[in-house]
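K.L.:
Handing you a structure now.
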Amino acid sequence: MGFITSIDFKILDFIQTHVRCDFGDIVMPYITNLGSGGVFWIVISLLFFINPKTRKCGMAILVGLILSVIFGNILLKPIFARERPCWINPNIDMLVQVPRDYSFPSGHTMSSFICAFIIWFENKRYGRLMLIIAALIGFSRLYLYVHFPSDVLGGIVFAAILAYLVKLIFYNLSSKITKKFLK
């Protein structure tokens, strides 16, 4: 077992021993489901899309979600092919179905944070709320023993990079393109 994986397991074991409780066992599967399939974030993007003032943000969220799936699930997970903690240590009482895809990076975390960062770029007040939701989703992946902390951290880092790229495209390049074609 590598150095990072041993630290990851120490953190996961701490959560299982000292944080896990009856209330969390009920709530965490619901929180993690907010990130499942991106449905929560798609609904949020549609709410932004309805309002002409926030339409660009709604579209940016959808693009961010697509990039998250492409880079996280299609490219990075097969490249790293990291086993999940629940595959390595099957002795934990699982509260959710054991995922079949690889662990790194956390797709739930990556998609949640890319959306939260994009919203934060647009509106700090709503963005703070979305970052809290994204953090809860990321933590739920640890609580439920389906990801390592480094998977969640990797998801956040990749989300920040992709969200910044989406911001550049939608807020910098799109305004330059719009100005050029409106002249």
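Taken together, the values in this text are just the output of simple stated rules run on the coordinates, not laboratory data. Predicted model only: the values in this text are computed from it and were never measured. Here Cβ is always computed from backbone atoms with ideal geometry, including for glycine, and neighbour counts include all displayed protein chains.
K.L.:
Residue farthest toward the positive end of the dipole of the chain, with Cβ of Lys/Arg at +1 and Asp/Glu at -1: which of VAL27, GLY107, MET130?
P.N.:
The Cα lying farthest towards the positive end belongs to MET130.
K.L.:
Enter the angle in degrees (range 0 to 90, nearest 10) between the Cα long axis of helix 3-14 and the first principal axis of the Cα atoms of the chain, meaning the one along which they spread out most.
P.N.:
The answer is roughly 80 degrees.
K.L.:
Okay, next question. For a 26 Å ceiling on Cα separation, which of these pairs sit above it: LYS10/LYS167; LYS53/LYS124; LYS56/LYS77; LYS10/LYS124?
P.N.:
The answer is LYS10/LYS167; LYS56/LYS77; LYS10/LYS124.
K.L.:
Just want the ordering: LEU168, LEU67, LEU162, from fewest to most Cβ atoms lying within 10 Å of their own Cβ.
P.N.:
Final ranking by Cβ density, sparse to dense: LEU168, LEU67, LEU162.
K.L.:
How much of the pair distance distribution for the range 25-172 lies past 22 Å, counting alpha-carbon pairs only, in percent?
P.N.:
For the range 25-172, the fraction of Cα-Cα distances above 22 Å is 35 percent.
K.L.:
For the chain, with only Lys/Arg (+1) and Asp/Glu (-1) charged at the beta-carbon, what is the dipole magnitude about the Cα centre, in debye rounded to 20?
P.N.:
Result for the chain is approximately 1320 debye, rounded to the nearest 20.
K.L.:
Which residues does a label at ILE161 reach in the range 60-88, if reach means a backbone N under 17 Å from a point 7 Å past the Cα toward the Cβ?
P.N.:
Inside the label zone: 64-82.
K.L.:
Right, something else. To the nearest 10 degrees, how steeply does helix 55-68 sit against the main Cα axis of the chain, on a 0 to 90 scale?
P.N.:
40
K.L.:
Need the full-extension length gain, ILE79 to VAL27, defined as separation in residues times 0.36 nm minus the C-alpha distance. One decimal, nm.
P.N.:
Full-extension gain reported as 15.5 nm.
K.L.:
May I ask you to evaluate 6.51 cos²θ - 1.76 cosθ + 1.60, the Karplus curve with θ = phi - 60°, for each residue of the range 116-131 and list the ³J(HN,Hα) values in order in whole Hz, giving x for glycine and proline?
P.N.:
Taking θ as phi minus 60°, the curve returns 4, 5, 4, 5, 4, 4, 7, 8, 4, 5, 5, x, 4, 4, 5, 5 Hz for the range 116-131.
K.L.:
Shifting gears a bit: Of the peptides 152-161, 83-92, how do they stack up when ordered by the mean number of other Cβ atoms within 10 Å, highest first?
P.N.:
Top to bottom by mean Cβ count within 10 Å: 152-161, 83-92.
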